[in-house]
Amino acid sequence: MPEVTMENGDGDVPEIVVERTLALIKPDAVHRAEEIEEIVLESGFTILQKRRIHLTPEQTSDFYAEHYGKMFFPSLVAYMSSGPIIAMVLARENAIGYWRELAGPTNSFKARETHPDSLRALYGTDDQRNAVHGSDGVTSAEREIRFMFPDSIVEPIPAGMVARDYLARAVNPTLLKGLTELCKQKPEDPCMWLADWLLSNNPNKPQVADRYAVQEPM
Ligand code: UDP
Ligand code: MG
């Protein structure tokens, strides 16, 4: 049988769409945050941003606005504002779906029955205190990332041709020079050497022309 490959039509590199999602470690599981983060990394996610925050009830109501009016809304708000949470922007291929799969069913009791390896089965308590949150789609992921990280840029990460064009234009010429020099010098710590080299050879670094030099008073 012929091998099935994912062709993107412009060469032999398969198109990988890196997605971002918002993950929360909820108040009841914050004391297990280190273990949860280890599972996050082992599952192939990159943690792009992370912060610990204690939301007010008003901020929590805003965050969960879609559930306003539901029976569980008031207790959800009380629970989510009862202590600090950890917010993380996670990235990987199909991050949104994969993180929700790793989180497991909303109800921790059900999670223990049907998805015993999921985070909610392992770290959740009941149908409300369920250890983690995950965005449920591209639009909510964008909104929720902006909510928790107002300064972040949520433009899509370039992939395929666009990524190759960008890298070819913006970094490859400089990297090639740096790597050539690195091979000549063979320093003891090549990564640190390259980091220093890039800092002093960055073509985009601000240049101060001589004629603008400030004359020190005599
Ligand atoms: N929740 C609750 N009771 C319910 C359903 C949900 O307390 O009957 C809480 C639970 O903490 C859940 C959150 O409200 O994680 C948001 O609910 P949603 O239906 O969006 O579930 P999720 O997307 O978190 O799986
Ligand atoms: Mg939800």
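Readers should treat all values here as calculations from the given coordinates under stated rules, not as data from a laboratory. Just so you know, these numbers come straight off a predicted model, no measurement behind them. Here the Cβ positions follow ideal geometry from the backbone for every residue, glycine too, while neighbour counts run over all protein chains shown.
Backbone amide hydrogens, once placed in the peptide plane, bring E19 within less than 5 Å of R92, E93, N94, A95, excluding anything fewer than 5 places away on its chain. If R0 is 35 Å, the Cβ-Cβ spacing of I39 and L194 corresponds to a FRET efficiency of close to 0.65.
Net charge dipole, the chain: roughly 460 debye, given to the nearest 20, about the Cα centre with Cβ charges of +1 for Lys and Arg and -1 for Asp and Glu. Just Q49, Q128, Q185 to compare: in a GNM of the chain, with alpha carbon springs under 10 Å, which one fluctuates most? Comparing Q49, Q128, Q185 in a Gaussian network model of the chain, the most mobile one is Q185.
Note on the stretch 73-151: along the principal axes its Cα atoms extend 38, 32, 18 Å, ordered by decreasing extent. About the centre of its Cα atoms, the stretch 128-208 shows a dipole size close to 180 debye [charges on the beta carbon of Lys, Arg (+1) and Asp, Glu (-1) only; nearest 20 debye].
Put simply, the amide H of V132, placed in the peptide plane, has neighbours under 5 Å in K26, leaving out anything fewer than 5 places away on its chain. Were the residues from H67 through N204 laid out at 0.36 nm apart, the gain over their Cα-Cα distance would be 44.6 nm. Bridging of K50 to lysines at a Cα separation below 19 Å is possible for K26, once same-chain residues fewer than 8 apart are set aside. Gain on full extension, evaluated as 0.36 nm per residue between I53 and T174 minus their Cα-Cα distance, stands at 39.6 nm. Across all Cα pairs in the chain, the calculated P(r) in 10 Å bins from zero up to the longest distance comes to 7, 23, 25, 19, 15, 8, 2, 0, 0 percent per bin.
Once you've got the GNM for the chain with C-alpha springs shorter than 10 Å, pick whichever of Y79, Y68, Y123 has the biggest mean-square fluctuation. Highest fluctuation among the options: Y68.
With all pairs of different C-alpha atoms in the average, the Kirkwood value for the hydrodynamic radius of the stretch 35-94 is 13.2 Å. If you run the Gaussian network model on the chain, springs between alpha carbon atoms under 10 Å, then out of A121, A23, A65 the most flexible one is A65.
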